[in-house]
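Each remark here refers to the structure printed beneath this line.
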Amino acid sequence: MALDVLHYYCDCSSYAGDNKYAVVGGIAVKAHMVDLLNGKVQSLKEGIGMQSEFKWSEYRGGRKKATYEALIDLFYEAIDLHYMHFHAMIVDFDEFDHHKKGRGAPHLSVNKMYYQLMLHEVCRRYGDKWRIVMFPDHGPDSYQIGDYRNGICGQAYKRYTAKPNCLREIHPTASKKVGLLQMTDVIIGAMAAHREDRSVKAVKADLRDYVMAKSPISDLSTDSHRDERQFSIWNFNC
């Protein structure tokens, strides 16, 4: 019997500039639920005539405040209903060796972080029962991850008894086309700011606090239990 398909929509936040902590993470959702959830995100935008994306970096509050909060409510409600799961990895970028394997740069390091996330968080959890399709936000921080697919599959099979070729496809995708990627952007952006205790404008601090008040994990320096499936945080040891 063919395995069901699981989509994983993921993004990275705060790897550029002088930020200390970067977060890579995303939403695992059964393929047949994708249109429903993307439709709900789109409906939130249409409710206020919003043409732009949901983006943490561009949030300014104002008339969009209630809509952004509704997006966050939708995120946690969908997890509570088991429509989707969330898995993220936090990295101290000050400690990350960007040149460990040849000439490096922060955006290339994100590709390596995606490798770790997909192998140890996503394929470990789902690779024995699902055909996984990865949808990272399109950009220089994800253009190399496709080269790592075979390595991820091989290690997942060897270390976690995943099915052969469990990570079937990797499709870097523009976030403007996918509500679930926009949702991921807002959630991990808030988490990165919280983990660093970063100074942000008051409206952004309020949104960050709204995300964290609903989070089942209040201390992001603490890892989730290894077997946690719905909502997990992993602090990667560089």
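The values are calculated or read from the model by the stated rules, or taken from the named source; none is laboratory data. Because the structure is predicted, anything quoted here is derived from the model rather than measured. Glycine also receives a Cβ, built like all others from the backbone with ideal geometry; neighbour counts cover every protein chain displayed. What goes into the accessible areas is simple: the full protein's heavy atoms, side chains included, and nothing from ligands, DNA or RNA. Shrake-Rupley method; radii C 1.70, N 1.55, O 1.52, S 1.80 Å.
Taking amide H as placed 1.01 Å from N in the peptide plane, the amide H of ASP128 sits under 5 Å from that of LYS163, each at least 5 places away or on another chain.
If you plug the beta carbon distance of ASP92 and SER218 into 1/(1 + (r/R0)^6) with R0 = 25 Å, you get a FRET efficiency near 0.80.
The amide H of VAL5, built 1.01 Å from its N in the peptide plane, has ALA31, ARG131 as neighbours under 5 Å, considering only residues 5 or more places off or on other chains. If you take Cα Rg over 2.2 N^0.38 Å from the coordinates, which of [x] 1.05; [y] 0.96; [z] 1.11 do you get? So the calculated entry is the one marked [y].
Per-residue ellipticity at 222 nm computed for the chain from its helices equals -11500 deg cm²/dmol, with DSSP H segments shorter than 4 residues left out and the rest contributing -39,500 (n - 2.57).
If you count Lys pairs in segment 45-180 whose Cα atoms are under 27 Å apart, skipping same-chain pairs closer than 8 places in sequence, the total is 25. Residue by residue, segment 210-225 carries 3J(HN,Hα) couplings of 5, 4, 6, 5, 8, 5, x, 10, 8, 9, 6, 7, 9, 6, 5, 4 Hz when phi is fed to the Karplus relation 6.51 cos²θ - 1.76 cosθ + 1.60 (θ = phi - 60°); x denotes Gly or Pro.
If only the Cβ of Lys and Arg carry +1 and only the Cβ of Asp and Glu carry -1, the dipole of the chain around its Cα centre is close to 520 debye.
Centroid-to-centroid, using Cα positions, segment 58-78 and segment 132-207 are 20 Å apart. Backbone phi angles across segment 70-79, fed through the Karplus curve with coefficients 6.51, -1.76 and 1.60 (θ = phi - 60°), yield HN-Hα couplings of 5, 4, 5, 4, 4, 4, 6, 5, 5, 5 Hz in residue order; Gly and Pro are listed as x.
Sites listed here are trypsin sites (Lys or Arg not before Pro) in segment 108-157 whose DSSP assignment is loop and whose Cβ has at most 16 other Cβ atoms within 10 Å: LYS129.
Expressed as a whole percent, the accessible surface of segment 121-160 that belongs to carbon and sulfur atoms is 45, based on a 1.4 Å probe. A simple spin-label model places pseudo-atoms 7 Å from Cα toward Cβ; at ARG229 and ARG60 they are separated by 4.4 nm.
3J(HN,Hα) couplings calculated from phi for segment 25-41 with the Karplus curve 6.51 cos²θ - 1.76 cosθ + 1.60 (θ = phi - 60°) are, in sequence order, x, x, 10, 9, 9, 4, 4, 6, 9, 4, 4, 4, 6, 4, x, 5, 5 Hz; Gly and Pro show x. In the chain, the DSSP beta bridges split such that about 50 percent are antiparallel, to the nearest 5.
With protein chains left intact and a 1.4 Å probe, residues in the chain average 48 Å² of accessible area per residue. For the pair ASP73 and TYR160, label points projected 7 Å from Cα toward Cβ lie 3.4 nm apart.
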